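Each remark here refers to the structure printed beneath this line.
Values quoted throughout were computed directly from the atomic coordinates according to the rules given, and no laboratory measurement underlies them. As the structure is a prediction and not an experimental result, all values here were calculated from the model. Here the Cβ is made from the backbone with ideal geometry for all residues, glycine too, and neighbour counts use every protein chain on show.
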Amino acid sequence: MWMDVAEQIFGDISVVKKALHVISTRLRENPPRDHPQGNMGVYPPGGPFLLVGDTWTRRFVTGVSYGPENVSENRGLLQQRLETLVAEWYAEKEKYSDCLVESSKLLSDKEKAMEAMQMELAEAHTSLCASSAKITLLLETNAVRHEEWVAERSQLQSLQEQLQPELQSRDTLVVSLQRELESSTELIQQ
C-alpha cells in the first residue's frame, strides 16, 4: 500500500528550493526497491510543492505501507535518505563554493586590471589636456604674431605708398643729373 509522506525543510528559500530539487532528482534516479517505476512522478492532490506558512514542503509518493509495524522503519529509512541527500547537497555546495571563491578571485584580478587601465587612461587624459593647452597657447601666440605681421606689412605698404612719389621724383632728378653729367663730360672733352 502507498503512503503520502510530507517532509519539511526550513531555511533560505533559494537553499530550500535547491535541496528540494536535489531530493526529487535523487528519488527519481534511485526509487525505493519495492516502488514500481511506473508510479514515479505521481504526486498527491495539491501538486509536488506546498507553501505552509513561510516553509516550502515537498510532497512525494513513497513505497511505504500503512501498517504501524513499518512506521518507525519507514521513518528511519526516510531520515537516512534525507541525511544522505543533504550530505550530498552540502558536498555539491562546497564544490560550488570553491568555484565561487576562484571566480571571485578572478573577478578581483579583473577589477584590479580595470582600475590600473583607468589610472593609465586618466594619466593619458591629463597629459593630453596639458598638450592641448600648450597647442592652444601656441596657436594663440601665432595668431597674435600673425596679426602683428599683418599690421607691420600694412604699415610698410602705407610707407611705401607715401615714399613712392618722392622716390620717383628722386629717380627723375638722378636721371636729369646723369644727363647733365654726360653733357658736361662731353663739353670738357671737346
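Along segment 148-157 the Karplus relation, 6.51 cos²θ - 1.76 cosθ + 1.60 evaluated at θ = phi - 60°, assigns HN-Hα couplings of 5, 5, 5, 5, 4, 4, 4, 5, 5, 5 Hz to successive residues, with x for each Gly and Pro. With one equal scatterer per alpha carbon and no solvent term, the Debye-computed log10 I(q)/I(0) for segment 88-190 at 0.14, 0.18, 0.21, 0.23 1/Å reads -0.87, -0.99, -1.07, -1.12.
Near Arg179, once Lys and Arg are set to +1 and Asp and Glu to -1 for all other residues with Cβ below 14 Å from its Cβ, the sum equals -4. Taking segment 88-190 as the region of interest, the number of lysine pairs whose Cα atoms are within less than 27 Å, with members eight or more places apart or on different chains, is 5. Once the Cβ-Cβ distance of Ile135 and Gln162 is raised to the sixth power relative to R0 = 45 Å, the FRET efficiency obtained is 0.65.
Model label points for Glu148 and Gln118, set 7 angstrom from Cα along the Cα-to-Cβ axis, are 4.7 nm apart.
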